[in-house]
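As structure tokens, the structure follows; a few thoughts come after it.
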Amino acid sequence: MTANPRTAQREITLPVGRERAWTMLRDAEGLSGWLADEVTLEVREGAEGALRWRDGTERAVAVEEVREHRRLSFVWREPEGDPTLVEISLDDVPQGTRIAVIEMPVLALEAECRSLDSPSRAASEGPSMLAPLA
Amino acid sequence: MSQAANRRPEDAIERNAAAGPVFAALADPTRRHILSVLSEGSTATASQLATDLPISRQAIAKHLQALAEAGLVKSSHQGRETLYRLTPKPLSDAMQWIAATGALWDARLERLAERLSEER
């Protein structure tokens, strides 16, 4: 497994184009029914909102990046929890669209950035999880 | 449903709180190397670890400090020496977070697929 062991990563390939897949990410209506049961959020960079699930759990969410038909990223956290960054990317593949998700604690992401700046980081180090973020 | 099935809320919070600092500590490749050395043996001193790596004993000591703060290593004193050993639970909790979070995403992506196929 080449996935960065400091992140959770999953992906799925669906037989639709990126524009179609984006309809599930572009607004609260698209996101509800899969990301959460109830979505109160404007999908706009800097927007803050809330996600709720039928079991009563909820998360505060803040939108980081919106790149139409390409990427949605946001930071969310449980009421007493640490924030994590979620990045959802859409890529063209022969079979349709690959939807890839990476989730990482914000604390860890900040440390990864510092580590990249540090001279002790070996050039031979494997691909970082930040590469897909570029 | 699958959200609650994985854990009690307190477990989730505990694991969530553990994963960030652990992954932050692991972001540095030197610290990852220190952990892999410690996972092979029982204990090591900062000097012993320094012979393995092209950095100073003082730099190793700083890394060990960061690892201790994340709960990944524990120190004990034997005479004048400080011995370090791995405390594996925080790392396995963090790995648990990865597994649980991955499972949650599997469920979400499955629902996404269902929603997309419903809309015709």
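The values are calculated or read from the model by the stated rules, or taken from the named source; none is laboratory data. Note that the structure is predicted; figures quoted are calculated from it, not measured. All Cβ positions, even for glycine, are placed from backbone atoms using ideal geometry, and neighbour counts span all protein chains on display. SASA here: full protein model, heavy atoms, side chains in, ligands and nucleic acids out. Shrake-Rupley method; radii C 1.70, N 1.55, O 1.52, S 1.80 Å.
Taking region B:97-120 as the range and being more than 7 Å from every other protein chain (Cβ to nearest Cβ) and of a type outside the set (Lys, Arg) as the test, the residues that pass are B:TRP97, B:ALA99, B:ALA100, B:ALA103, B:LEU104, B:ALA107, B:GLU110, B:GLU114, B:SER117, B:GLU118, B:GLU119.
Could you please let me know if A:ARG71 is surrounded by 17 or more Cβ atoms within 10 Å (Cβ to Cβ), away from every other protein chain (no Cβ under 14 Å) and within 19 Å of A:ARG10 (Cβ to Cβ)? It is true that A:ARG71 is surrounded by 17 or more Cβ atoms within 10 Å (Cβ to Cβ), away from every other protein chain (no Cβ under 14 Å) and within 19 Å of A:ARG10 (Cβ to Cβ). Residue count for region A:77-95 under the criterion of being more than 10 Å from chain B (Cβ to nearest Cβ), open to solvent by less than 30 Å² (accessible area, probe 1.4 Å) and touching a Pro at 6+ places or on another chain (Cβ under 7 Å): the result is 1.
In region B:56-67, the count of residues that are open to solvent by less than 40 Å² (accessible area, probe 1.4 Å) and in contact with an Asp or Glu (Cβ under 6 Å, 6 or more places away or on another chain) is zero. Taken over region A:70-88, the residue count meeting the criterion of being touching a Lys or Arg at 6+ places or on another chain (Cβ under 7 Å) and over 19 Å from A:LEU41 (Cβ atoms) is 0. The residues of region B:70-88 that are open to solvent by 30 Å² or more (accessible area, probe 1.4 Å) and of a type in the set (A, V, I, L, M) amount to a single one, B:LEU86. Taking region B:68-82 as the range and being within 15 Å of B:SER42 (Cβ to Cβ) and within 20 Å of the chain's Cα centre (by Cα) as the test, the residues that pass are B:VAL73, B:LYS74, B:SER75. For beta carbons closer than 7 Å, sequence separation of 6+ or different chains, a first residue in region A:10-29 that is under 21 Å from A:TRP53 (Cβ atoms) and of a type outside the set (A, V, I, L, M, F, W, C) and a second that is open to solvent by 50 Å² or more (accessible area, probe 1.4 Å) and not in a loop (DSSP other than H, G, I, E, B), the qualifying pairs are A:ARG10/B:ASP106.
Out of B:VAL73, B:VAL22, I need the residue that is away from chain A (no Cβ under 14 Å), within 26 Å of A:ALA8 (Cβ to Cβ) and in contact (Cβ under 8 Å) with a residue 24 or more places away in the chain. Which one? Residue meeting the stated conditions: B:VAL73.
For region A:17-36, indicate whether the set of residues that are β-branched (Val, Ile, Thr) and open to solvent by 60 Å² or more (accessible area, probe 1.4 Å) is non-empty. For region A:17-36, residues β-branched (Val, Ile, Thr) and open to solvent by 60 Å² or more (accessible area, probe 1.4 Å): absent.
Assigned to a helix (DSSP H, G or I) and open to solvent by less than 20 Å² (accessible area, probe 1.4 Å), is that true of B:LEU91?
no
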